[in-house]
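Below: one structure, written as structure tokens.
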Amino acid sequence: MSTCICLGPKRAGKTHLLKALQDPESIDETTFSMPTIGTGIYRIHFPTKSPNGDKNKPPPKEAPANIPHGGKNLPKSIQIMEIGGSMAPLWRQYFEDVKKLIYVVDTSNLCQISAAGVLFYSILTEPRLQHNTKILLVLAKMDYSYRQMRNEALLMLQMQKLQKQIRQQVTIVEASAVTKVGLDPIYDWLQRP
Ligand SMILES: Nc1nc2c(ncn2[C@@H]2O[C@H](COP(=O)(O)OP(=O)(O)O)[C@@H](O)[C@H]2O)c(=O)[nH]1
Ligand SMILES: [Mg+2]
């Protein structure tokens with residue numbers, strides 16, 4: 001079975017982001033996540049896009065999501081596996097048949113960001129992720145005023161150099177689990193085949 005996995009350094013914001021995607025209301029600036037030990041599984045239901053409804057709200061569990069997206073048969077939910085940051089040496093065990101890979105970087109953590117780029121590079125050069133894996137880079141915690149701006153963050157991650165050396169197309173989204181910025185493009189990316 002093909003999978004979607006979420007990776008990134010410790011405390012980058014993976015759990016917060018996945019919980020916010022599951023239920024935007026469950027996260028605010030006071031929410032605290034314990035470090036993920038091992039792995040965690042999140043089933044994310046895509047919000048139905050009604051013209052006047054709250055786009056960020058996932059559909060109620062029972063009601064069928066009956067608004068097809070442009071007539072296409074897009075999935076209504078997706079399962080994502082978070083692999084805890086402390087498991088980085090073991091990430092490779094999970095690289096079999098990965099369809100989508102989300103890499104989360106904390107833009108407010110200057111000490112971590114360069115190392116996060118090195119780790120990202122080592123993932124993208126992994127042979128099993130060369131062909132059918134779609135990559136999403138999430139610049140997380142964009143609500144912090146002292147975060148790195150998009151361009152600085154990409155510079156510190158050495159994205160330009162990295163994109164020249166890898167085959168995969170990397171989609172980049174700025175996001176915050178607190179303000180919900182960026183959740184919509186992430187839903188779209190997850191839902192696309
Ligand atoms: N302000 C803010 N803080 C966040 C956000 N995401 C995560 N955090 C904080 O960072 C901590 C670690 O996040 P967590 O999701 O557990 O990181 P993980 O180790 O990558 O799963 C959380 O306890 C929050 O305090 C965000 O979008 N905005
Ligand atoms: Mg976690």
Item checked: Positive-end extreme of charge dipole, segment 135-179 - chosen from Q163, Q148, A175 (charges on Cβ) -> Q163
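What dipole magnitude, in Debye to the nearest 20, does segment 128-190 give about its Cα centre under +1 on Lys/Arg Cβ and -1 on Asp/Glu Cβ? Mind dumping the intermediate values first?
Values: 9 positive and 5 negative charges, 70 e Å.
Once rounded to the nearest 20, the dipole reads 340 debye.
Within 11 Å, Cβ to Cβ, of I83, how many net charges do the neighbouring residues add up to if Lys/Arg are +1 and Asp/Glu are -1? Could the numbers behind the result be given before it?
Numbers: positive: K14, R92; negative: E82.
Computed value for this residue: +1.
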Notebook entry, point to check: Which longest uninterrupted range of the chain lacks any GluC sites (Glu not before Pro) assigned by DSSP to a loop state (not H, G, I, E or B) and surrounded by at most 15 other Cβ atoms within 10 Å?
Noted result: 97-193
Next item on the list: Could you work out how far apart the two model spin labels at E152 and S114 are, taking each label as a point 7 Å from the Cα in the direction of the beta carbon, and quote it in nm?
Entry: 1.5
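Given R₀ = 45 Å, what would the calculated FRET efficiency be for K161 paired with R43, taking r from the Cβ atoms and rounding to 0.05?
Working: r = 36 Å, r/R0 = 0.80.
Using R0 = 45 Å, I get an efficiency of 0.80.
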Item checked: the chain: mean projected area of Cα convex hull, nm² -> 11.4
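May I ask for the Kirkwood hydrodynamic radius of segment 103-169, worked out over all distinct Cα pairs and given in angstroms to one decimal?
Working: mean 1/r = 0.0810 Å⁻¹.
Over segment 103-169, the inverse of the mean reciprocal pair distance is 12.3 Å.
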Check: Given the pairs K10/K99; K14/K141; K76/K141, which are separated by over 19 angstrom at their Cα positions?
Finding: K10/K99; K76/K141
Notebook entry, point to check: Can you list the HN-Hα couplings for segment 119-127, worked out from phi with the Karplus curve (6.51, -1.76, 1.60; θ = phi - 60°), rounded to whole Hz and with x for Gly and Pro?
Noted result: 5, 4, 4, 5, 6, 5, 8, 5, x
Item checked: Two-site label geometry, D97 and S145: point separation in nm, points 7 Å out along Cα→Cβ -> 5.0
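Read-outs: derived from the displayed coordinates by stated rules, not from any lab. Please read these numbers as outputs of a predicted model, since none were measured by experiment. Ideal geometry is used to build each Cβ from the backbone, glycine not excepted, and the neighbour counts take in all protein chains shown.
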